[in-house]
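**Q** Pasting a structure here, questions to come.
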Amino acid sequence: MVEDLLHSQPGILNFGIFFLLATVLLLVILGFVTYAILAERKVMGFMQLRQGPNQVGGRWGLLQTVADVLKLLLKEDTIPKLADKPLFIIAPVIAFAPSFIVIAAIPFTDKLQFADLNIGLLYYIAISGLTTIGMVTGGWASNNKYALLGGMRAAAQMISYEIPLVMSVLGVILLTGSLNLNDIVAAQENVWYILLQPVAFIVFIIASVAELNRVPFDLPESENELVAGFHVEYSGFRWAFFMLAEYVYMFAMASLTTVLFLGGWLPLFSFLDFIPGAVWFALKFMFVVFLLIWFRSTFPRIRADKLMEFAWKILLPIALANIFLTAIIKEIFKLL
Amino acid sequence: MSGEKDLEQLKKEAAAKAKAAALAKMKAKELGEEKEEAPSEDLDIAKQKAAAAAKAKAAALAKMKAKEQGEEKEEAPSEDLDIAKQKAAAAAKAKAAALAKMKAKEQGEEKEEAPSEDLDIAKQKAAAAAKAKAAALAKMKAKEQGEEKEEAPTEDLDIAKQKAAAAAKAKAAAAAKAKAAAQANQSSEAGDDAKAKAAAAAKAKAAAAAKAKAAALAKQSGESGGDDEKAKAIAAAKAKAAAAAKAKAAASAKAGGAAGDDEKAKAIAAAKAKAAAAAAAKAKAGGGTVKAEPAEEAKPSPNQPYLDKYIRVIEEHLGNDHIEDYYINNLSKDVPTLVAKPESYYKIAEFLKYNEQLGFDYLSELHGTDFETHMEVYVHLYSYKNSQSVALKVKIDRDGPTIDSLQPLWEGANWPECEAYDLLGIKFNNHPNLHRIMLGEEWVGHPLRKDYEPYDVEV
Amino acid sequence: MLRTEEMLLNVGPQHPSTHGVFRLVLKIDGETIVEAKPVIGYLHRGTEKLAEDLQYTQIIPYTDRMDYVSAMTNNYVICHAVETMMDIKVPERAEYLRVIAMELGRVASHLVWFGTYLLDLGATSPLLYAFREREMIINMLNELSGARLTFNYMRVGGVKWDAPEGWIDKVREFVPYMHEQLKGYHMLVTGNEIFMNRVKGIGTYTKEDALNYSLSGANLRCTGVKWDLRKNEPYSIYDRFDFDVVTRETGDAWARYHVRLDEIEESLKILEQACEQFPAEGEILAKVPKIIKAPKGEAFVRIESPRGEIGCYIASDGKKEPYRLKFRRPSFYNLQILPKLLEGETIANLISILGAVDIILGEVDG
């Protein structure tokens, strides 16, 4: 459907359709973010002997996040006097936009995908790196020492973890022989890559948590050291944008993990294929999200210098070794 | 008189007093009025409390010694008391009481008062036992001594009739006879009481003797105090007292034999005391008041040697003009306390830290106090090597309070000195960063000074 | 080489990890601390000055507010000082109640430390677990004293309230429960690689430093000094219990963590024995005069609080108010070593080091 549109003639109508679809997608994602936040609070509450939200919107607190967002939108918009105003204003946008852009390339089912790019994986990784610029910009523009430290940490962390992330994925690419996400899913018809590439999966999960700036890698905003890190001076809907970006990335990264290692929309066993692909995708996706929330309520925060050490001295060599091994095994099988 | 001097010292150290009193009484027979005062004081002190047992022992030792010895003995008893504390046989207490009573009999009016006080105390209970013993001794003495004693026995007898077991009386009579015989030989010398006791003790071993004493005691106590209550108490306690008395008697007998070996005597006494345990315990409960005096004053001694050591070491190395005062602070768990002169304060602190024998490596507390006449800095030091505490104090001029900082010695003194500076205005020389740590540099005045008036800009 | 510049960073007085209004002025080079200057006094309430106009019993509520995480030991230290001066014999039952209350307080205090320390390090869950157990303790102390934090429970000569019916049994049941939970803590936290990275070898000092800086409590024991006033200078009835003094040799935050957690175990041991020996009958308050007047003179006593050695100095002129009252507040002394420890560390370590010292600002500022 979207493929056809992409190849059709540009025009007002097509633009309108694209715009409408994008809005729908945005709403879907906002819906997801709303309930991801609720789920996170509920799951963490469950793990931490608490109730979680239970007042607004019935006993499950279903409208709690909506109320929170409304509150944020109604808040006074404060900009520090000494802040660099243009940068301060644009930073949340820079942080949020890429998170939304990457979603376009992710195939949710074999039919539901916005852009089937041949370099889908590369596209995702390249675009997602842009968000860090937003963080550094925000940290710098705030003219606050904590924010600056947070921004710098964000930059250092992104540079460090982007590399093992890409390296871990290379194994998958080698096996598939394609960067196209649809092809990658298709290649998992018989066996998921989590079984063929377990090492890559572990490295990928770790690196992706670091990319998401979530516990135990939430150094840029580490509340207990830098108060709130790069967004310490932000409030209201600007702050909401940073948070939104974070949760949209969570959505995107969980999707990508599903696609790369968990077989996307493919059923667990072939006799279960009467269940729609979307459901399978949702289940796997939720599993990954749950995993991320679980991490958050279990781990302490890693230390900044150890973080770098870990990326360069442990994750990167492991990822490289994985590529090497994969290549050798693949050649051996080819010879056979 | 050496005896007089001793008495003064004894006052300072309560423990010593009891002993001294005992000695004094014996001497009193020989000596003048001063001795009479001492006992009365002892009695007052006794009321306060203290472990009766320890006192009793001390008294017992004192008695033995006293009998044999002269002035030198007076010193010895104080040491004995320390040792005696370790054991605390109730029997010993009883003996002490007995001695006191004897003295009372011998002495003038004051003594009579003292006993009456004792009697009050005795009401609490078992003091009676102790009294009984004392009475026994008294009787012996009485035989030897002057008119007053003669009166006492008669009174005693009257009282005794009221209660004491007839059998006891009989025994008492027997004992008395025996004693009388023994004394007859020695009667000429008051100092030979010990022998008399020894003889008595031998007899005392027989239950009869003890009973006799008890009866006698009852009488005496009644006489001395004039309090029938005491007599009753005594009567009740007699049984117990008898047991205790025996033990004591034995002890005294031995002591008399080996006059030179106080330690042995004590050991023996202790052993006997244990045998008498039950009885003794009761006696102690009762006699607590009487014995209280020695025990209380004996307490400081655990730390006294440490204080002596500190002073000795400091004086050996630094000379003796650095310490203004030193004492054991009884209110503060007997911590040895040194008061340094301001100019030597740092020197002494340094010495306390680095001297091998002292080694106070830990500064536990430092603060200042405004005593209106002067400022005082109080430092509590602890030596992990020797497990010993010491309090170092220094008195400084209140108007311009300045003193050396201890920060170069103990880093831990850094902030406390800042605090003292902030709240009291004491300046510490050589402190690396003396600032107003709590209130901030803008604060006016030093709140913990007694003349502090809050500064209010608007007023 | 890039040209870098040192900058000043104010940590606190409002900061999530300073546990109150503690302020640190840091000179940092990147994330490395070049110099740290602590600033305190934001919570100074002049307890010692106030006390000079108050009777001894009236001072007790003020002590609750010094170390508000383990107020029972504060209650105890002033009562103990006055009792020492007046030579009051505290009834047996009262002593047991005091010891049970203090040990419960010690467990609660270490639990708070455990939870908040892990929270400082970024782990959110242990806090909630620790507070669950602490809540049980606080409920018990609430039943005992009528207050959850500021107990005002002890009096000169004993305690204010007797234990309610069945209270001792509750404490007794709590002991095995807490043992179980501790195992859970160890499983959740102790072996965690990230946690070990944050604490192992961090904030290390030697035994000599510890003594020189007048550290006490777990901060001292983590260097191998076997020193606990409950054992070495027994007060109250602590000589009747069989427990160990926990020590570690390494002197880092890891050692302090272990000392504190193991001290919970030891406190539980004491609680167990105290509940066993608890006298069924007896007075809870000695016969003391209506108006308490300490004799003329001065006294300094020290006891073991969860944070170290808490002391109380009283100078009395024989009146019903103290002439001078001074508390030796362990947090105040323990904090002195901080600038030394922070030099050359990173900001992330600042949190692990400061947290491991275990300060309570109410106590630091007095």
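**Q** Taking segment C:183-224 as the search range and keeping residues that are within 14 Å of chain B (Cβ to nearest Cβ) and aliphatic (A, V, I, L, M), which one is nearest to B:L406 (Cα to Cα)?
**A** Within segment C:183-224, the match that is nearest to B:L406 (Cα to Cα) is C:L211.
**Q** Can you tell me which residue in segment C:249-305 is farthest from the chain's Cα centre (by Cα), limited to those that are closer than 30 Å to C:I353 by Cα and of a type in the set (D, E)?
**A** The selected residue is C:E249.
**Q** Identify all residues within segment C:17-38 that are more than 14 Å from chain B (Cβ to nearest Cβ), part of a strand (DSSP E or B) and surrounded by fewer than 19 Cβ atoms within 10 Å (Cβ to Cβ); write none if there are none.
**A** C:K27, C:D29, C:T32, C:V34
**Q** Residues C:E298, C:E321: which one is within 14 Å of chain B (Cβ to nearest Cβ), acidic (D, E), part of a strand (DSSP E or B) and touching a helix residue (DSSP H, G or I) at 6+ places or on another chain (Cβ under 9 Å)?
**A** None of the other options fit; the residue is C:E298.
**Q** Let me ask something else about it. Would you be able to tell me the number of residues in segment A:297-336 that are basic (K, R) and closer than 30 Å to C:I353 by Cα?
**A** Selection size over segment A:297-336: 4.
**Q** Here's another thing I want to ask about it. Take C:H179 and tell me if it is under 30 Å from A:A228 (Cα atoms), surrounded by fewer than 17 Cβ atoms within 10 Å (Cβ to Cβ), touching a residue at least 24 places away in the same chain (Cβ under 8 Å) and more than 14 Å from every other protein chain (Cβ to nearest Cβ).
**A** no
**Q** While we're looking at this one, here's another question. Consider A:V279 carefully, then state whether it is of a type outside the set (S, T, N, Q), free of Cβ contacts under 8 Å to residues at least 60 places away in the same chain and in contact with a helix residue (DSSP H, G or I) (Cβ under 9 Å, 6 or more places away or on another chain).
**A** No.
**Q** OK, next. Assess whether B:T373 counts as being part of a strand (DSSP E or B), out of contact with any His (no Cβ under 8 Å at 6 or more places or on another chain), modelled with pLDDT of 85 or more and more than 20 Å from C:Q336 (Cα to Cα).
**A** Here the answer is no, as B:T373 does not meet what is asked.
**Q** Sticking with this one: Filter segment A:191-247 down to the residues that are of a type in the set (F, W, Y) and in a loop (DSSP other than H, G, I, E, B), then identify the one that is nearest to the other protein chains (Cβ to nearest Cβ).
**A** Here the residue is A:F217.
**Q** List the helices (runs of 4 or more DSSP H) inside segment C:39-125, counting only whole elements, that have at least 2 residues being free of Cβ contacts under 8 Å to residues at least 60 places away in the same chain.
**A** C:47-51, C:56-64, C:92-120
**Q** Only residues that are more than 9 Å from every other protein chain (Cβ to nearest Cβ), within 29 Å of the chain's Cα centre (by Cα) and not in a strand (DSSP E or B): list them for segment B:385-397, please.
**A** Within segment B:385-397, B:N386 is the sole residue that qualifies.
**Q** Hey, another quick one. Just give me the residues in segment C:56-80 being more than 13 Å from C:R155 (Cβ to Cβ) and within 14 Å of chain B (Cβ to nearest Cβ), in sequence order.
**A** If the condition is that a residue be more than 13 Å from C:R155 (Cβ to Cβ) and within 14 Å of chain B (Cβ to nearest Cβ), then C:M66, C:V77 are the ones that fit.
**Q** Any idea how many residues of segment C:301-318 are basic (K, R) and more than 13 Å from chain B (Cβ to nearest Cβ)?
**A** Residues flagged as basic (K, R) and more than 13 Å from chain B (Cβ to nearest Cβ) within segment C:301-318 amount to 1.
**Q** Now, a different point. Among C:E283, C:E249, which is the only one that is among the acidic types (D, E), in contact with a strand residue (DSSP E or B) (Cβ under 8 Å, 6 or more places away or on another chain) and in a loop (DSSP other than H, G, I, E, B)?
**A** Step by step, each of C:E283, C:E249 is checked, and only C:E283 is among the acidic types (D, E), in contact with a strand residue (DSSP E or B) (Cβ under 8 Å, 6 or more places away or on another chain) and in a loop (DSSP other than H, G, I, E, B).
**Q** Name the one entry in A:N190, A:N213 that is surrounded by fewer than 22 Cβ atoms within 10 Å (Cβ to Cβ) and either within 25 Å of C:S125 (Cα to Cα) or not β-branched (V, I, T) (or both).
**A** From the options A:N190, A:N213, the qualifying one is A:N190.
**Q** Still on this model: When you scan segment C:183-192, do you find a residue that is crowded, with 22+ Cβ neighbours inside 10 Å and part of a helix (DSSP H, G or I), even just one?
**A** Scanning segment C:183-192, I find at least one residue that is crowded, with 22+ Cβ neighbours inside 10 Å and part of a helix (DSSP H, G or I), so the answer is yes.
**Q** Also: Just checking, does segment B:413-425 include any residue being surrounded by fewer than 22 Cβ atoms within 10 Å (Cβ to Cβ), among the acidic types (D, E), on the phi < 0 side of the Ramachandran plot and not in a strand (DSSP E or B)?
**A** no
**Q** Another question about this same structure. Exactly one condition in (1) touching a Gly at 6+ places or on another chain (Cβ under 8 Å); (2) closer than 30 Å to A:Y124 by Cα; (3) buried (at least 17 other Cβ atoms within 10 Å of the Cβ); (4) more than 14 Å from every other protein chain (Cβ to nearest Cβ) is not met by A:M44; state its number.
**A** With (1) touching a Gly at 6+ places or on another chain (Cβ under 8 Å); (2) closer than 30 Å to A:Y124 by Cα; (3) buried (at least 17 other Cβ atoms within 10 Å of the Cβ); (4) more than 14 Å from every other protein chain (Cβ to nearest Cβ) applied to A:M44, the lone miss is (4).
**Q** While we're looking at this one, here's another question. Which residue, of B:Y382, B:Y362, B:Y378, is within 38 Å of the chain's Cα centre (by Cα) and surrounded by fewer than 22 Cβ atoms within 10 Å (Cβ to Cβ)?
**A** Step by step, each of B:Y382, B:Y362, B:Y378 is checked, and only B:Y378 is within 38 Å of the chain's Cα centre (by Cα) and surrounded by fewer than 22 Cβ atoms within 10 Å (Cβ to Cβ).
**Q** Let me ask you something else. Restricting attention to segment A:248-301, and to residues there that are among the basic types (K, R) and within 14 Å of chain C (Cβ to nearest Cβ), which single residue is farthest from A:L25 (Cα to Cα)?
**A** Restricting to residues being among the basic types (K, R) and within 14 Å of chain C (Cβ to nearest Cβ), the top hit is A:R301.
The values are calculated or read from the model by the stated rules, or taken from the named source; none is laboratory data. Every value quoted in this text rests on a predicted model; they were computed, and no experiment measured them. FYI the Cβ positions are ideal-geometry reconstructions off the backbone, even for glycines, and counts take in every protein chain you see.
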